[in-house]
Structure formats: C-alpha cells, structure tokens
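Asker: My questions all concern the structure below.
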Amino acid sequence: MTVKMESTPTNYGTKILTELAAGDAPDIMQIGDGDISMFKSKGVLADLTPYIGNKSDGLTMSDYDPALMNIGKIGGHYYTIGSGTSMAVYVNKDAFAAAGLTLPTASWTWDDLEKDAVALTKKDASGNVSQWGIRFNGNDLRTYLPFVYAYGGDVISSNGKKITGHADSAATIAGWSEYNKLMNVDKVSPGTQAVGASNGNDFFLAADGKKVGPAAMELSGDWGGTDYVNAGMNFEVLPVPAGPAGQFTTMDYSGYAINSKSKNVQAAWDYLRFWATKGQDSLASTGQLVPYKPALTKYKLDTSPATAEFVKSFSKVKPFPELLSPSFSASGAANDLVSVLSDIQTGNGSVDVAKELKAAAQKAQSDLDSYSGQ
C-alpha cells in the first residue's frame, strides 16, 4: 500500500470542505474535536462501526480507553478514531515548599486551589507580580468548561439546541464567577497584557536553572510535560479541582475519519487499523497520549508522573458543546460566549458575569437558531 500525505498548515477546515464539495477530498481526513459533529451532519464521514466490529480485521475494544473512543462516537456509531489530552493541573512542589504549603490531594476543591493560588502569588518591591499562583493555559471556551461543570452548569442543552437557560443559568454563572474572582479579585493569574508580554513563553516552565517558573500551578493539557521533565522540575499533576456538583474536566482531541465518498474505503480502513494498533507505538514513544492501552502501558504513560493523571482524568471528561451541536462553532455561538471570558481575562477589574452571560447567551442562541435555519 502506498500512502500519500497532504499537509495543510492553514485553513484546513475550509480546504477539506471545498475538496469534499468538489469530490476530490482525501480518503482519510484528520478531524478536530470541534468539527466531528459538523462533518457527520454533512454526511461526509464513513461509519466506522462495522469495520471496528469486524471479527477478521476489526479492533479489540477492550484495548482502548472508552472516553477517548467515545469522542468520535455519535448516535451509537463511530466516525473517528483519535488521540488527545484531558485537562489537569500542574503543581510545582518546590513552590509549595517555599511557601510552607501542604501539597493538595486529588480530592481538592476550587476553594483549595484559590487559597493556594493566593498564597503562592508573590510581588516584588515595586508591587509587580514576580510569581503567579496559577496560569490558565488557553483562551478558548474549552479550557474554562471545568469551572462550569464543577458548579453543575453547562453552556448548551444535551440535545444541542438550547443555549439560553444553560449558558446563563445560576450554576454556569457561579462557575465563571469563580474564575472571575481568581482573575480580577484575587489576581492570582496573568491577564491578557501579561500573557501578551510573555511572547508565548510557558508560564509553568522553570528555565535558566530556576526551580519555579513564572507560575506555580497551571491548568493545561499534557503538552508541556516533557519540557518540565527535561528541565528537572519537581512537579506533580493533579486532577481538576472539584466543585459543588463534583469533579469534571474536558479535553482536546483530534481524530481520523474515512471519507464516505472514498473509492478506497477498505484500503483506508486497513491503514487506519494499522495506525490504531501498531502505529500507536510511534506516538506513545514520544510521550503522546493515545487511546491504545497496550502502547500506554508499554511506554509507561499510564504510570509516569508527567502523564498518568491525564490518563486517569479521561474518565472525568464531559461531552463538550461542539459534540452536542454541529453548528455551535460555525454559527458564532461559541465566540459569543468566549467574549465573556475575554473580558474576564483582561484582569483589569471584576466583571458582571451574570449580566454579560445573559447577553452573550441570548446572542449565541440567536446565532445558533439563524445558522441552523439556513
């Protein structure tokens, strides 16, 4: 079998949709988690369920993490197979020791995180922050859903149709009010200006022989773990804190799908099956989390201090809005809600979260309804 790879570093989604419309899309496509439902709704993704379940050349489902596999599952059918990372919290042990703080446990709460972040935030003689308590690594909606889930909220209904009554509910307001407090009242995390001035540097990474980076904790995916290990940092990874409704997280995922119009579906499945089994070694050997348990175990990603918690936290992932609605992102509804986060992230003063969420939810609902009606 000869496989031709096509790299598209920019405007990937637009190009794939154009190629699909023209009938010349590739046999196998990489699909981001925010687009799976949208592509499926257009009928361009082959149903992988019969291939996965085939006794002669299918997959042994017990070898796979169900949370990762279920991201590509819609209506009881699989459309993508991929890999990703859950969100968890990096904790610098040396920073906690220097502050005289006891390390938190896996059962910690958002209140615990807040108290620790306040104690870990330091200022120099000029009043400028020299060490942040925590950095929230991301400016997209996904990164901040754990706040919402912990307080029992959500941003869209389970059927993917209603945003009002969910994104502006008391529970969702409570969740993002906690984030607003950390940013604008406690001021324990860098705002937009400080992040911009960092030139994209990792706030948690301790460079130049230091033990602690610009931030003592970080809510993030597993992306920086290898760098932290290579820097000799003394750190631990903990699950996202619990709130009144429980302990939940979210994830970033990218999967592979087969073009439903492909003339080489069986060959495409043969390649995808190889990727999902023997091919997982090449990913896991670099420290990348994969759904294939034998590869996770072989490279000790399920026991390594840098990655084990991210594997465990897959079980705490809740379905994110893009999986529930194919139009959530494309309609602009997601960006409507992100506008509230952007205001919070300036760090310039407390935001009226309830007022802004109510207005954003109404705008998002209008955009979703209008887009769905096209």
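Asker: Rounded to a whole number, what % of the accessible area of region 197-321 do carbon and sulfur atoms account for, probe 1.4 Å?
Answerer: The nonpolar share, carbon plus sulfur, comes to 52 percent.
Asker: Within the accessible area of region 1-134, what % is carbon and sulfur when the probe is 1.4 Å and the other protein chains stay in place?
Answerer: Of the solvent-accessible surface of region 1-134, carbon and sulfur hold 50 percent.
Asker: Right, another one. I need the phi-derived Karplus couplings for region 269-286: 6.51 cos²θ - 1.76 cosθ + 1.60, θ = phi - 60°, integer Hz, Gly and Pro marked x.
Answerer: 5, 4, 5, 5, 5, 4, 4, 7, 10, 4, x, 5, 4, 5, 7, 5, 5, 9
Asker: Over the chain, how many percent of alpha carbon pairs lie in each 20 Å bin up to the one with the longest distance?
Answerer: 27, 56, 17, 0
Asker: Find the accessible area per residue for region 259-374; the probe is 1.4 Å, ligands and nucleic acids are left out, and the unit is Å².
Answerer: 47 Å²
Asker: Now, a different point. If each of GLU236 and VAL265 carries a label point 7 Å out from its Cα toward its Cβ, how far apart are those two points in nm?
Answerer: Placing both labels 7 Å along Cα→Cβ, they lie 5.1 nm apart.
Asker: Express as a percent, rounded to the nearest 5, the fraction of DSSP beta bridges in the chain (both residues included) that run antiparallel.
Answerer: Antiparallel: roughly 85 percent of the beta bridges in the chain.
Asker: Can you list the residues, at least 5 places off or on another chain, whose amide H is less than 5 Å from the amide H of GLY82, using H built in the peptide plane?
Answerer: Answer set, sorted by chain and number: TYR256.
Asker: Within region 88-113, list the residues whose amide N lies under 18 Å from a label point set 7 Å along Cα→Cβ of ASP186.
Answerer: Flagged as within label range: 88-93, 95-113.
Asker: Pull up all non-local amide H partners of THR109: gap of 5 or more, or a different chain, and H-to-H distance under 5 Å with H placed in the peptide plane.
Answerer: Here ALA242 satisfy the definition.
Asker: Ranked highest first by average number of other Cβ atoms within 10 Å, how do 331-337, 9-15, 285-291 line up?
Answerer: The most tightly packed comes first, giving 331-337, 285-291, 9-15.
Asker: A further question on this structure: Would you mind getting the accessible area per residue of region 27-143, heavy atoms of the protein chains only, 1.4 Å probe, in Å²?
Answerer: 42 Å²
Asker: Compute the Rg/Rh shape ratio of region 1-97: radius of gyration over Kirkwood radius, all on alpha-carbon atoms.
Answerer: Using only Cα positions, Rg/Rh for region 1-97 is 1.09.
Asker: Work out from phi, with θ = phi - 60° and the Karplus expression 6.51 cos²θ - 1.76 cosθ + 1.60, the ³J(HN,Hα) of each residue of region 304-312, listed in order in whole Hz, and give x for Gly and Pro.
Answerer: 3J(HN,Hα) across region 304-312, in whole Hz: 5, x, 7, 10, 4, 5, 5, 5, 4.
Asker: OK, next. Mind putting together the pair-distance distribution for region 64-181? All Cα pairs, 10 Å bins, whole percent per bin, short to long.
Answerer: The calculated distribution, bin by bin, is 11, 30, 32, 19, 7, 1.
Asker: I've got another one for you. Along the Cα→Cβ direction, 7 angstrom out, place labels at SER366 and THR297. What is the inter-label distance in nm?
Answerer: Distance between the two pseudo-spin positions: 5.6 nm.
Asker: What dipole magnitude, in Debye to the nearest 20, does the chain give about its Cα centre under +1 on Lys/Arg Cβ and -1 on Asp/Glu Cβ?
Answerer: Once rounded to the nearest 20, the dipole reads 420 debye.
The values are calculated or read from the model by the stated rules, or taken from the named source; none is laboratory data. Model, not experiment: these values are computed from the prediction. All Cβ positions, glycine included, derive from the backbone under ideal geometry; neighbour counts span all protein chains shown. Accessible surface areas use protein heavy atoms only, side chains included; no ligands, DNA or RNA. Shrake-Rupley method; radii C 1.70, N 1.55, O 1.52, S 1.80 Å.
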